[in-house]
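> This is the structure, below, for whatever I ask next.
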Amino acid sequence: MKKITSILSLFIIITSCGVKQTRNLVTSGDYDAAIKNAVEGLQGNKNAKGKQDYVYLLEEAFAKAKQRDLDHIGMWVKDSNPQNLEKIYNTYVQLNYRQESVKPLLPLKMLKENRDAVFAFEDYSGPIVTNKEALSKYLYDNSKALLMTKDKITIRRAYDDLMYLESLNPGYKDVDKLIEQAQLKGTDYVLVSTKNETNMIIPERLQNDLLDFSTYGLNDKWTVYQSNKLKGMDYDYGLVVNFRQITISPEQVKEKQFEKEKQIKDGVKNLLDSHGNVVKDSLGKPIKVDNMKTIKISIYEFSQVKSSQITAKVDYIDFKSNQLLQTFPVTSEFLFNYIYATYKGDKRACEQDYYANFDKKTVPFPSNEQMVYDTGEDLKAKLKDIIVKNKFRK
């Protein structure tokens, strides 16, 4: 019995909090949130005495929300501004949606007044259809007008309106073709190229790799990067990778010698006491312990080292105004470091992951061209990072 009482008390507290919140929403003018709360609160036994507050609040919020929406619609209609068509249409849709959320609960009893709660429902299907058609026509006509401009931001706004129109009224006239047109006209086309300002020959495959923007994954909804200039293409921007300096170090072989030692187990031996006598267990048997010994190794390590560095800058150019927009310096490095080794002694004295160096022999150094190409891999990653963080249009 005590458990049931506790559950009832908890239910009353929860309901009371929900009613208070709903009343505050009504008072603050957030009628739709109040309606949502009340509808949820009336799920289950809607005619229970404990839920009567929800019924009163729902009736009040519904009436006030409806009147407010109709007042707004009346004001927008008088204003005769076609930009209000979307608000008018959405408000009629909201009026209808609000009714549909309440209908499943009807009838709702007001026990003290011995009557049903009153909800003045209307048929909004006509206004919804009429305003949907008016809004569709406005979006269509306005988007076609925007597409006649040369401003790409304006054209992108037309694209957004056309996409909305397609979702609002699928298959409306030739909207699908206009969307394609807006996508084409609103896209920025960027011509990517390289420029060699060094006194060295840049490997052709490095230039090809840098200009292969299909591997960068940078093309987005409104930006296309191209390295092969297309005839007749009106490019908006240029991205130029200027090679300023290439430095390649001499080939070096560095040597060093070091020693390691380690204690390892080498069988077992008798445990001796401080006097050199064999220690025995309770049965008289000698106690055995690990026999440890120290092993050593002398390692002769050789490192083949060669490094390269590319210094460059990335220029953003506006082809329409023929102006330099931004410049980003970039430096990339690559280190060839090949290690092999020989040893004397017991190799168990060093770490096992070092053993592989004992199986290696000297190798040819990479050519200068290969070094520059390998440096370019890092340059390519940095170039991508620059482009991702610095769009041509903000």
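> So, of the residues in the range 269-278 that are open to solvent by 90 Å² or more (accessible area, probe 1.4 Å) and over 15 Å from Lys293 (Cα atoms), which turns out to be farthest from the chain's Cα centre (by Cα)?
Only one residue tops the list, namely His275.
> Just to be sure before I move on: is Arg348 at pLDDT below 95, open to solvent by 40 Å² or more (accessible area, probe 1.4 Å), at negative phi and not in a loop (DSSP other than H, G, I, E, B) in the structure I sent?
Yes.
> Looking only at the range 97-112, count how many residues are in a loop (DSSP other than H, G, I, E, B) and open to solvent by 90 Å² or more (accessible area, probe 1.4 Å).
Qualifying residue count, the range 97-112: 1.
> Being within 30 Å of Tyr300 (Cα to Cα) and either among the acidic types (Asp, Glu) or modelled with pLDDT of 85 or more (or both) is the requirement here; does Lys185 meet it?
Considered against the rule, which asks whether it is within 30 Å of Tyr300 (Cα to Cα) and either among the acidic types (Asp, Glu) or modelled with pLDDT of 85 or more (or both), Lys185 comes out as no.
> Return the only residue of Asp161, Asp174 being within 23 Å of Val224 (Cβ to Cβ) and either in contact with a Cys (Cβ under 7 Å, 6 or more places away or on another chain) or charged (D, E, K, R) (or both).
Asp161
> Quick check: is even one residue across the range 137-157 among the hydroxyl-bearing types (Ser, Thr, Tyr), part of a loop (DSSP other than H, G, I, E, B) and out of contact with any Cys (no Cβ under 8 Å at 6 or more places or on another chain)?
yes
> Could you list, in sequence order, the residues of the range 311-330 that are touching a strand residue (DSSP E or B) at 6+ places or on another chain (Cβ under 8 Å) and either within 30 Å of Lys256 (Cα to Cα) or not aliphatic (A, V, I, L, M) (or both)?
Thr311, Lys313, Asp315, Tyr316, Asp318, Phe319, Gln323, Gln326, Thr327, Phe328, Pro329
> Give the number of residues within the range 313-340 that are in contact with a helix residue (DSSP H, G or I) (Cβ under 7 Å, 6 or more places away or on another chain) and not aromatic (Phe, Trp, Tyr).
Residues that pass the stated criteria total 5.
> Which one of the conditions (1) of a type in the set (S, T, N, Q); (2) more than 30 Å from Phe62 (Cβ to Cβ); (3) open to solvent by 30 Å² or more (accessible area, probe 1.4 Å) does Thr187 fail to meet, given that it meets all the rest?
Status for Thr187: all satisfied but (3).
> Select, from Gln94, Gln83, the only residue that is more than 24 Å from Glu59 (Cα to Cα) and not in a strand (DSSP E or B).
From the options Gln94, Gln83, the qualifying one is Gln83.
> Right, here's the next one. Which numbered condition in (1) crowded, with 17+ Cβ neighbours inside 10 Å; (2) not in a loop (DSSP other than H, G, I, E, B) is the only one that Phe119 fails?
(2)
> Okay, moving on. Suppose we keep only residues that are without any contact (Cβ under 8 Å) to a residue 40 or more places away in the chain and not small (Gly, Ala, Ser) within the range 226-250. Which one would you say is nearest to Tyr189 (Cα to Cα)?
Gln226
> Quickly run through the range 285-300 and pick out the residues that are open to solvent by 60 Å² or more (accessible area, probe 1.4 Å) and within 30 Å of Pro250 (Cβ to Cβ).
Once the filter is applied, which keeps residues that are open to solvent by 60 Å² or more (accessible area, probe 1.4 Å) and within 30 Å of Pro250 (Cβ to Cβ), the range 285-300 yields only Tyr300.
> Check the range 356-367 and report whether any residue there is over 29 Å from Ser249 (Cα atoms) and of a type outside the set (Asp, Glu).
Checking the range 356-367: not a single residue is over 29 Å from Ser249 (Cα atoms) and of a type outside the set (Asp, Glu).
> Right, another one. Among Asp174, Asp141, Asp160, which is without any contact (Cβ under 8 Å) to a residue 12 or more places away in the chain, farther than 29 Å from Leu239 by Cβ and open to solvent by 60 Å² or more (accessible area, probe 1.4 Å)?
One residue alone meets the criteria, Asp141.
Results for (1) part of a strand (DSSP E or B); (2) open to solvent by 60 Å² or more (accessible area, probe 1.4 Å); (3) closer than 29 Å to Gly186 by Cβ, shown as yes or no for each residue.
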| position | (1), (2), (3) |
| --- | --- |
| Phe302 | yes, no, no |
| Tyr316 | yes, no, yes |
| Tyr343 | yes, yes, no |
| Tyr354 | no, no, no |
| Phe358 | no, no, no |
| Pro364 | no, yes, no |
| Glu369 | no, yes, no |
| Asp374 | no, no, no |
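> Something else about it: Of the residues that make up the range 73-80, is at least one open to solvent by 30 Å² or more (accessible area, probe 1.4 Å), in contact (Cβ under 8 Å) with a residue 24 or more places away in the chain and either more than 28 Å from Lys185 (Cα to Cα) or not hydrophobic (A, V, I, L, M, F, W, C) (or both)?
No; the residues of the range 73-80 include none that is open to solvent by 30 Å² or more (accessible area, probe 1.4 Å), in contact (Cβ under 8 Å) with a residue 24 or more places away in the chain and either more than 28 Å from Lys185 (Cα to Cα) or not hydrophobic (A, V, I, L, M, F, W, C) (or both).
> Taking only the range 215-268 into account, find how many residues are exposed (fewer than 14 other Cβ atoms within 10 Å of the Cβ), assigned to a strand (DSSP E or B) and of a type in the set (D, E, K, R).
Qualifying residue count for the region: 8.
> Would you pick out the residues in the range 291-312 that are under 50 Å from the mean Cα position of the chain (by Cα) and not hydroxyl-bearing (Ser, Thr, Tyr)?
Across the range 291-312, the qualifying residues are Ile299, Glu301, Phe302, Gln304, Val305, Lys306, Gln309, Ile310, Ala312.
The values are calculated or read from the model by the stated rules, or taken from the named source; none is laboratory data. The model shown is predicted, which means the values in this text are computed figures rather than measured ones. Virtual Cβ from ideal backbone geometry, glycine too; neighbours counted across all protein chains shown. Ligands, DNA and RNA are stripped out before the accessible areas are found, and what is left, the full protein with its side chains, is counted by its heavy atoms. Shrake-Rupley method; radii C 1.70, N 1.55, O 1.52, S 1.80 Å.
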